[in-house]
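I have placed the structure first, in the form of structure tokens, so that the comments after it can refer back to it.
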Amino acid sequence: MDSIFILTGAGISAESGLGTFRDKDGLWTRYDLSRVATPEGFRADPALVHDFYNMRRNNCLDAAPNAAHAALARLGRDHPGEVTLVTQNVDDLHERAGSTGVIHMHGELRRALCAACGHRWPAPERMRPEEACPSCGRPATRPDIVWFGEMPYRMDEILERLARATLFVVIGSSGEVYPAAGFVDEAAAQGIPTLEINLEPSGRRGLFDRGLYGPATEVVPRWVAGLLGD
């Protein structure tokens, strides 16, 4: 049975108005991520970190899924084999488009995490450092986001699903952030066909068997339609 493994990055949500990281106006050029996306930054200034993620959460709530998200939701519903959807994104646009079972390897903006006891719960629209964990009562609330220096979520499950894939696809990712950047190497080592779908060829294009390029809202629906025999 066919088993399609799809990894999505910020590029799939860019046309929904959510910022990418590595473009000239991306988040990495406008913020010192050592201050807002590391455990050390959170310990030094939790209010700044919460302000940053409150802003991103508001942007996420204002955004809507686009045609690329909808196409992947359709693929998940209609493909006769297995479809694994792993995302580096912390937005919930895949779910709002109708995808189920999405693996958020870098966490979710709309989830909160207690840094003291590990309890997780739905995040309010605005989070504050003084908010107490509903489980242990300690004021250790943080966004449920994987920061630099932390291990992405569900890696054992991700690698297990990748190992049984018959097609590995990257959509909207620069392919430069590890460990996700190593998935294509793992797929190639196992003889799994690989496909890159991006606005333009990434710096790692040479690692992929094929590439499809253009706006995600155009290329992804066309690719999905071809897979489903439209």
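The values are calculated or read from the model by the stated rules, or taken from the named source; none is laboratory data. Everything numeric here is computed off the predicted structure, so don't read it as measured data. Neighbour counts run over all protein chains shown; Cβ positions are idealised from the backbone, glycine included. The protein model used for the area step is the full one, side chains on, heavy atoms only, and it has no ligands, DNA or RNA in it. Shrake-Rupley method; radii C 1.70, N 1.55, O 1.52, S 1.80 Å.
List of remarks:
- Between M55 and L159, residue separation times 0.36 nm minus the direct Cα-Cα distance comes to 34.2 nm.
- Under 5 Å between amide hydrogens, built in the peptide plane, is the criterion, and for L212 it picks out E196, I197, N198 among residues at least 5 positions away or on other chains.
- Each peptide in 152-158, 218-224, 178-184 gets a packing score, the mean of other Cβ atoms within 10 Å over its residues, and the list from highest to lowest is 218-224, 178-184, 152-158.
- Per residue solvent-accessible surface (Å²) - region 28-164, probe of 1.4 Å: 48 Å²
- Computed about its Cα centre, the charge dipole of the chain is approximately 320 debye, with only Lys, Arg, Asp and Glu carrying charge at their Cβ.
- Under 19 Å from the V177 label point (7 Å along Cα→beta-carbon), backbone N, region 108-134: 108-113
- Take the Cα of A188, step 7 Å toward its Cβ, do the same at E130, and the gap between the two points is 5.4 nm.
- Ellipticity estimate at 222 nm from DSSP helix runs (n ≥ 4, -39,500 (n - 2.57)) divided over the chain, nearest 500: -9000 deg cm²/dmol
- Estimated distance in nm for a label pair at D32 and R120, the labels positioned 7 Å out from Cα along Cα-to-Cβ: 3.1 nm
- Local net charge near H79, Cβ-Cβ under 13 Å (Lys/Arg +1, Asp/Glu -1): -2
- Dipole magnitude of region 1-136, debye to nearest 20 (Cβ charges: Lys/Arg +1, Asp/Glu -1, about Cα centre): 120 debye
- Across the chain, Cα pairs under 8 Å and at least six residues apart give a relative contact order of 24 percent.
- Calculated FRET efficiency, E82 to M151, Cβ-Cβ distance, R0 = 35 Å: about 0.90 to the nearest 0.05.
- Within the chain, the cysteines lacking any other cysteine Cβ closer than 4.7 Å to their own Cβ are C60.
- Of the solvent-accessible surface of region 86-163, computed with a 1.4 Å probe and all protein chains present, 48% belongs to carbon and sulfur.
- Spatially, region 160-230 and region 126-155 are offset by 31 Å when compared through their Cα centroids.
- Note on Y213 and L199: their simple-model spin labels are 1.3 nm apart, each label 7 Å out from Cα toward Cβ.
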